[in-house]
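Q: This is the structure I have questions about; it appears just below.
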Amino acid sequence: MTNNRLLLSVCVFAVLLVSLASVAESTPSAELSPEQAARLTYAAEHAAPLDHQASTSTSTSTAARWHDDDDEQEPVLSATDLASRAAASDDYGHSVHYLASEVVYPSSDQQVAQVVQRVRRDRQQLTVRGTGHSANGQSQCCGCVVMDMRNMNQVREATAEYVVVEAGAKFADVYAALAPFGSSLVTQTDWPGLSVGGVLSAGGGMGPGMFRHGFIAESILELTVVTGRSEIVVCSPSSEPELFNAAIGGLGQVGIITAIKLRAVPIPGQMIRVYHVYQLLDKLMPDYDKVQNDEAAGGAPFDQLQTFPVLNFPGTGAASGYAPDFFLFDQPIGSWVLIQEYGVFYNPGQEPDDAELFAYFDHVAGTEISTDMPYDAWIHRLDYVFGVLLPSAEYNYAWKNPHPWFEVLLPAETAGDYLTDFFARNDPSQAALYSVQALYPLKEPAVKRSLQPMPDSPSDRLVYLGMLRQVDIASTPDLYAENARLTALNGQYRLDAERVGGTPILSSTLPSSQDEWQCLSNFDMRTYRRAKAQFDPRGILSPGLSAVILNREDPCERNGDESIFRGTA
């Protein structure tokens, strides 16, 4: 059955992409090879975008506006043409492709509720899409309605103390709205091109300030959520706390986040950014302990901290897009080395002392690189990487390939042994040049969310590990087979992490069965079932994930194999 489904998947997606090119019905070519189908997979991204603001067409083959029974309701932009549905059938992972029956583009809380009401009435199902930055099809749905939040992108209110934004707004919009007040978020994302609602729904939001402030979700003051009952609810830690906690990191299981109120703090206008190198984890992990001990005692002397394991080749650091080039001549070529990046915010006239910063860590002496930059430049430091470099001809072939990501949270007490074993088993020669590995120390969140599980750490200290890699089509004869191999390895890494108390980040690495969910540390199945029954009793939201957790019928089985085309078996 699996092989038949995979073969059918490749053929179906070939039909899709030929249709995109010709805007006509087509049948799969008998001569189309899996390699050709793999390369065609990403053509959907180049389909002409719809004019979502201006279109008033009523054709079902282009953008249309549909009305519900109530004539007073505002029409919602909708699309059922193949190009729009195919564009919603891909995500950042490029590994899973579920074909939606329709894509809707609401522009208000009321329109979101209107769509949910219609979906309930018509006994359909629904999933939500921000920028599609998930890695495993979390924002897709087999034969269901996809709600694209791109038109809900407004900043509703901004002050020096907080900002209120719609879910489809990007973090870059948040930073721009707060900049006139000299404020920003306490934890900043590495990449500001992500949607706020998507990040907070998918795991809580990570960034290099987590060692001090935790997840971005810890700064949420209030949410507006449309539940699976089509109710618009304003919730917070003190008002409707069960919905509030279930929605954050909940992958859209209990409701659709439409607006977020986030706490803001004053941020100095300048930053010193420092890089240095570690040869081995046995130096890095004690330094992580030192940082968190100093934080508990009053504060470490910097504001941002993250580490990137890279291969010891000339040019590798720069190729990762995150750091300057480092090459240690006294280390084996192709071995793992650790580039650490940290930064200090300051106001003019209060510059920190470089020598004191360099002396804080037990890194390889003489590898320090210090750069002074405005805060705004720090926030947008990856704009060139994601906006220019990776989409360029040189890198595009790899960037558009499947991304079998692996992300996990580890208790600080077991992180060192796990990471030592992880990098010993992860053969550097098999790591793609354009992959990025990332480590962050962070403090354990104060509130346990109902879906995103958190490790138990006696010290309340965690370590994040992310292996952010792409399949290299230039070096493998079978793109999908290599993706399946790496995905299977990720599953083994996840299970190994769980054995030492770790938990997966749900935006990338998902348990594949109800039994695996029940075995997760601190995943409360009873709380999840209660929240699902209370806020989405008909199970219309994110049905693919709930089918796994609750062992229900898979929407792909119900809606037919023609709505699924996978890159993995």
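The values are calculated or read from the model by the stated rules, or taken from the named source; none is laboratory data. Remember, predicted model here, so these are calculated numbers, not experimental data. Because the Cβ atoms are built from the backbone with ideal geometry, glycine has one as well, and the counts that use them run over all protein chains shown. For accessibility, only protein heavy atoms count, side chains too; no ligands or nucleic acids. Shrake-Rupley method; radii C 1.70, N 1.55, O 1.52, S 1.80 Å.
Q: Could you tell me whether region 213-220 includes any residue that is under 18 Å from residue 109 (Cα atoms) and within 19 Å of the chain's Cα centre (by Cα)? Quick ask: steps written out before the conclusion?
A: Taking region 213-220 first, the residues under 18 Å from residue 109 (Cα atoms) are none.
The answer is no; no qualifying residue exists.
Q: Still on this structure, please answer the following. Within region 461-504, take every residue that is modelled with pLDDT of 80 or more and farther than 17 Å from residue 422 by Cα and give me the one that is least open to solvent (accessible area, probe 1.4 Å). Before the answer, list the steps.
A: To start, the set of residues in region 461-504 that are modelled with pLDDT of 80 or more comprises 461-467, 481-504.
Then drop every residue that is not farther than 17 Å from residue 422 by Cα, which leaves 461, 481-484.
Values: 461: 44, 481: 52, 482: 45, 483: 0, 484: 34 Å².
Of everything passing the filter in region 461-504, 483 is least open to solvent (accessible area, probe 1.4 Å).
Q: Quick check on residue 225: is it within 21 Å of residue 504 (Cα to Cα) and among the β-branched types (Val, Ile, Thr)? So that I can check it myself, show each step before the final result.
A: Details: within 21 Å of residue 504 (Cα to Cα): no; among the β-branched types (Val, Ile, Thr): yes.
No: the conditions fail for residue 225.
Q: Being under 26 Å from the mean Cα position of the chain (by Cα), of a type outside the set (Lys, Arg) and modelled with pLDDT of 90 or more is true for just one of 294, 303. Which residue is that?
A: Numbers: 294 fails: under 26 Å from the mean Cα position of the chain (by Cα).
Matching residue, one of 294, 303: 303.
Q: Contact list please: Cβ distance under 6 Å, first residue in region 370-391 and closer than 22 Å to residue 267 by Cβ, second residue part of a helix (DSSP H, G or I) and modelled with pLDDT of 70 or more, pairs at least six apart or on different chains.
A: What qualifies is 370/354; 379/175.
Q: Are there any strands (runs of 3 or more DSSP E) wholly within region 100-167 with 3 or more residues that are farther than 16 Å from residue 536 by Cβ and either among the hydroxyl-bearing types (Ser, Thr, Tyr) or within 24 Å of the chain's Cα centre (by Cα) (or both), and if so which?
A: Working: elements: 102-105, 126-129, 145-148, 155-158, 162-166.
The strands (runs of 3 or more DSSP E) meeting that bar are 102-105, 162-166.
Q: A further question follows. What number of residues within region 219-259 satisfy the criterion of being touching a residue at least 60 places away in the same chain (Cβ under 8 Å) and either closer than 16 Å to residue 530 by Cβ or hydroxyl-bearing (Ser, Thr, Tyr) (or both)?
A: 14
Q: Given the conditions (1) modelled with pLDDT of 75 or more; (2) of a type in the set (Lys, Arg); (3) open to solvent by 30 Å² or more (accessible area, probe 1.4 Å); (4) closer than 24 Å to residue 139 by Cα, and given that residue 448 satisfies all but one, which numbered condition is not satisfied?
A: Exception for residue 448: condition (1).
Q: For region 169-202, what are the residues that are within 16 Å of the chain's Cα centre (by Cα), within 24 Å of residue 226 (Cβ to Cβ) and open to solvent by 10 Å² or more (accessible area, probe 1.4 Å)?
A: Residues satisfying the conditions are 170, 194, 198, 199, 201, 202.
Q: Can I ask one more? Can you tell me which residue in region 224-256 is nearest to residue 135 (Cα to Cα), limited to those that are open to solvent by 10 Å² or more (accessible area, probe 1.4 Å) and hydrophobic (A, V, I, L, M, F, W, C)?
A: 251
Q: OK, next. Out of all the residues in region 257-292, which are surrounded by 21 or more Cβ atoms within 10 Å (Cβ to Cβ) and among the small types (Gly, Ala, Ser)?
A: 259, 264 - these are the residues of region 257-292 that are surrounded by 21 or more Cβ atoms within 10 Å (Cβ to Cβ) and among the small types (Gly, Ala, Ser).
Q: Now for a separate question. Consider residue 131 against the criteria (1) under 15 Å from residue 201 (Cα atoms); (2) buried (at least 23 other Cβ atoms within 10 Å of the Cβ); (3) at pLDDT below 95: it satisfies all of them except one. Which criterion is unmet?
A: (2)
Q: Go through region 518-563 residue by residue and tally those that are crowded, with 20+ Cβ neighbours inside 10 Å, of a type in the set (S, T, N, Q), at pLDDT 70 or above and part of a helix (DSSP H, G or I).
A: Of the residues in that region, 1 qualify.
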